[in-house]
Every structure is written in C-alpha cells, then in structure tokens.
Amino acid sequence: MADQLIRATAAEGGIRAVGVITTRITEEARQRHQLSYVATAALGRTMSAGLLLVSSMKRAESRVNIRIKGNGPLGGILVDAGLDGTVRGYVENPAVELPPNKLGKLDVGKAVGPDGYLYVVRDVGYGYPYSSTVELISGEIGDDLTNYLATSEQTPSALIVGVFVGAEGVTASGGVLIQVLPKAARDETLVELLESRIAKLSGFTPLLQEGKTLPEIFQLLLGDMGLVMLPDIQMVRFYCGCSFDRVLGALKMLGEAELQDMIEKDEGAEATCHFCGEIYQATSDELAKLIDDLQAETV
Ligand code: ZN
C-alpha cells in the first residue's frame, strides 16, 4: 500500500478518525540518516504523529512541528509535517541501538527516555504559531502524543503509531488518530466503548504487517459505530525544502571574515541539512562570490 492519509467519521460526526501509512517515508528517512533500528522506529512514529496532527488544520500552508527531548541516549527528535502531505525529520543520535524490551519490541521508550518534554508547534502560516509543551510520560511517542492531546488540546483522543523494521528495512509504518469531538465527548458510553476497542487493538503495526488496509483497520475499530470513510485519499511523502541557494544564503550570513577563512583553510565549505541529510558543497569561487556580494551591499 502506497504512503497515504485517509479520514473517516463515526457516531454521526462525533468521532473523527485519521489513518496514515508511512512505510516508504520511514524507509527513506532510515536510508538518508543511516538510522539504527530503534532510531528508525522513534523517527517513523514521530513522523506519522506529525502527519496525523496536522491533518485537522484548515489552511493549506499549515504545519506542525514536534520536538521530543527525553533523557535517553537518542537525544532529541524533531519532525516537521505539513497539511500538504510532506514530512521531514531527524534524531540527534541516529546510530544508538538498544536491546529489545521485555515484550521483544524495539525499546523506543528507553531510547527516548521517560523524563523530558514534548513540544508541539502548530503554525497556520501567517506568523502566530501556537505552541504547547507537556512532560513525557513514557517516551514511547504514541502515549506521549495521546497525553498531549488530552491535556493540552482537551480532546479525548487515542494516537497509535508503529514501525516495523528488520534487516531488509522498514516493512510497515503508520498510525491512527481517533478523536471524540466535543458534541460526543459527554456521551460516556461512547467514550468507554471506544477506549475498550482501542485497548483491544493488538497494536497497529501487526495489522499493517498482516496486509490490512487503513479502511479495514477502521472497520475493525468503528465498523459498528456508523463508520463513514471520506472519499479523499491524500498521498504523503518525505520532502525537505532545503536547496543549494538556501545554503549559500546561510553561509553569507556568517560574514566576510568567516568566509575568507573558509576559502584559505578549507578551500570551500560543506554543509549538511539536518532534516534530510543532503550534503551541499560550496567551492572557493562560490564563497568568493558571496564576499563580492557582501561588499557590494555595504557600498
Ligand atoms: Zn534538507
């Protein structure tokens, strides 16, 4: 199944459901950043979460940034996802590997660390981003985002994300977000029914591994609760907007003395984009041109 995001409703609009498949996105991130197994799982989960969170925003330019900073060896995780279906991200220490946890699963909680913070920034595209911070509860990412939605955005939600990665690369990655909207949140039986359904869902990744599609997974969860699948399927992809021109712009800001130093000592400059791992090289001639530009601007 191609990487995609689909939306559904249930309980006469009282429940909002979004599902995303990010198998190729996570595999691309794994290759770009040379991620370990546990780092692949952590970044893949966070990228799925980013696409799920941004899916409820309205303006086309909307973006969500998720930053997770725990006390584990992985260091920070940063993800940037857009309503246009693009996502990018990185982890601070991509090579960290840990033994599996007690359940035999990749130990994302330990790699991220249970103590720390989750920061979410929602940016609608005209300069007043809304940001919010909560403490981590497990570092497993799905739990932490569910807690964020409940405490910070006051929407009873379940966010389930998973990644399956083996020697042959990523074979399944994705997530679902189920939210009970205000008009249905007072219906306690509905909320309880949904909670028990989600608790029974034996993890999301095994279902994807079995070859279940997103509509089939929604059917399992909400089939008897008036499920309505929305017709639009959105394609999602790994995309970074970095470019050589932007790198030159950043180098130029270093100023004349620093650029001259790079020409003399390094015979050029090399810059790596954190988000996508792309390496950009500027020659001495290109740096000299930046110095010329700077001098022309100050005249
Ligand atoms: Zn980039």
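The values are calculated or read from the model by the stated rules, or taken from the named source; none is laboratory data. Small disclaimer: the values here were computed from a predicted structure and weren't measured. As a convention, Cβ positions derive from the backbone with ideal geometry for all residues, glycine included, and neighbour counts pool all protein chains shown.
Check region 44-52 and report whether any residue there is in a loop (DSSP other than H, G, I, E, B) and at pLDDT 95 or above. Reasoning before the result, please.
Here is the first cut: in region 44-52, the ones in a loop (DSSP other than H, G, I, E, B) are none.
No, there is no match, as no residue in region 44-52 is in a loop (DSSP other than H, G, I, E, B) and at pLDDT 95 or above.
In this structure, is residue 60 under 16 Å from residue 236 (Cα atoms) and either in a loop (DSSP other than H, G, I, E, B) or not assigned by TED's automatic domain parsing to the domain that holds residue 169 (or both)?
On the way: under 16 Å from residue 236 (Cα atoms): yes; either in a loop (DSSP other than H, G, I, E, B) or not assigned by TED's automatic domain parsing to the domain that holds residue 169 (or both): yes.
So residue 60 fits the description; yes.
Conditions (1) buried (at least 20 other Cβ atoms within 10 Å of the Cβ); (2) of a type in the set (Val, Ile, Thr), marked per residue:
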| position | (1), (2) |
| --- | --- |
| 58 | no, no |
| 67 | no, no |
| 101 | no, no |
| 120 | yes, yes |
| 141 | yes, yes |
| 151 | no, yes |
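Among the residues of region 199-210, what is the count of those that are assigned to a helix (DSSP H, G or I) and touching a helix residue (DSSP H, G or I) at 6+ places or on another chain (Cβ under 7 Å)? Before the answer, list the steps.
As a first pass, look at region 199-210 and keep what is assigned to a helix (DSSP H, G or I): 199-200, 204-209.
Remaining after also requiring touching a helix residue (DSSP H, G or I) at 6+ places or on another chain (Cβ under 7 Å): 207.
So the answer is 1.
Residues being within 13 Å of the ligand (Cβ to nearest atom) and part of a loop (DSSP other than H, G, I, E, B): count how many of those fall in region 234-248.
Of all residues in region 234-248, those within 13 Å of the ligand (Cβ to nearest atom) come to 238-247.
Now restrict to residues that are part of a loop (DSSP other than H, G, I, E, B): 239-243.
The total comes to 5.
For region 279-295, state whether one or more residues are more than 16 Å from the ligand (Cβ to nearest atom), of a type outside the set (Ser, Thr, Tyr), closer than 30 Å to residue 35 by Cα and in a helix (DSSP H, G or I).
First, pick out the residues of region 279-295 that are more than 16 Å from the ligand (Cβ to nearest atom): 283-295.
Going one step further and asking which of them are of a type outside the set (Ser, Thr, Tyr), we end up with 285-295.
Still in the running and closer than 30 Å to residue 35 by Cα: none.
No: zero hits.
Table: residues versus (1) surrounded by fewer than 23 Cβ atoms within 10 Å (Cβ to Cβ); (2) farther than 17 Å from residue 67 by Cα; (3) without any contact (Cβ under 8 Å) to a residue 40 or more places away in the chain.
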{"residue": "128", "(1), (2), (3)": "yes, yes, yes"}
{"residue": "146", "(1), (2), (3)": "yes, no, yes"}
{"residue": "168", "(1), (2), (3)": "yes, yes, yes"}
{"residue": "184", "(1), (2), (3)": "yes, yes, no"}
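If I ask for residues that are among the hydroxyl-bearing types (Ser, Thr, Tyr) and surrounded by 12 or more Cβ atoms within 10 Å (Cβ to Cβ), which ones from region 273-299 would you list?
In the first step, residues of region 273-299 are kept if they are among the hydroxyl-bearing types (Ser, Thr, Tyr); the result is 280, 283-284, 298.
Passing the criteria: 280, 283, 284.
Pick from 121, 134: which is touching a residue at least 40 places away in the same chain (Cβ under 8 Å) and under 19 Å from residue 47 (Cα atoms)? Break it down into steps so the answer makes sense when it comes.
Working: 134 fails: touching a residue at least 40 places away in the same chain (Cβ under 8 Å).
Matching residue, one of 121, 134: 121.
Sort out which residues of region 251-271 are surrounded by fewer than 12 Cβ atoms within 10 Å (Cβ to Cβ) and within 16 Å of the ligand (Cβ to nearest atom), and write them in order of number.
Once the filter is applied, which keeps residues that are surrounded by fewer than 12 Cβ atoms within 10 Å (Cβ to Cβ) and within 16 Å of the ligand (Cβ to nearest atom), region 251-271 yields only 270.
Quick one: would you say residue 252 is out of contact with any strand residue (DSSP E or B) (no Cβ under 9 Å at 6 or more places or on another chain) and closer than 25 Å to residue 54 by Cβ?
Values: out of contact with any strand residue (DSSP E or B) (no Cβ under 9 Å at 6 or more places or on another chain): yes; closer than 25 Å to residue 54 by Cβ: no.
No, not satisfied.
When the residues of region 76-101 are narrowed to those that are small (Gly, Ala, Ser) and closer than 18 Å to residue 240 by Cα, which ends up farthest from the ligand (Cβ to nearest atom)?
Here is the first cut: in region 76-101, the residues small (Gly, Ala, Ser) are 76, 81-82, 85, 89, 95.
So of that shortlist, the ones also closer than 18 Å to residue 240 by Cα come out as 81-82, 85, 89.
On the way: 81: 14, 82: 14, 85: 17, 89: 11 Å.
Once the filter is applied, the top-ranked residue is 85.
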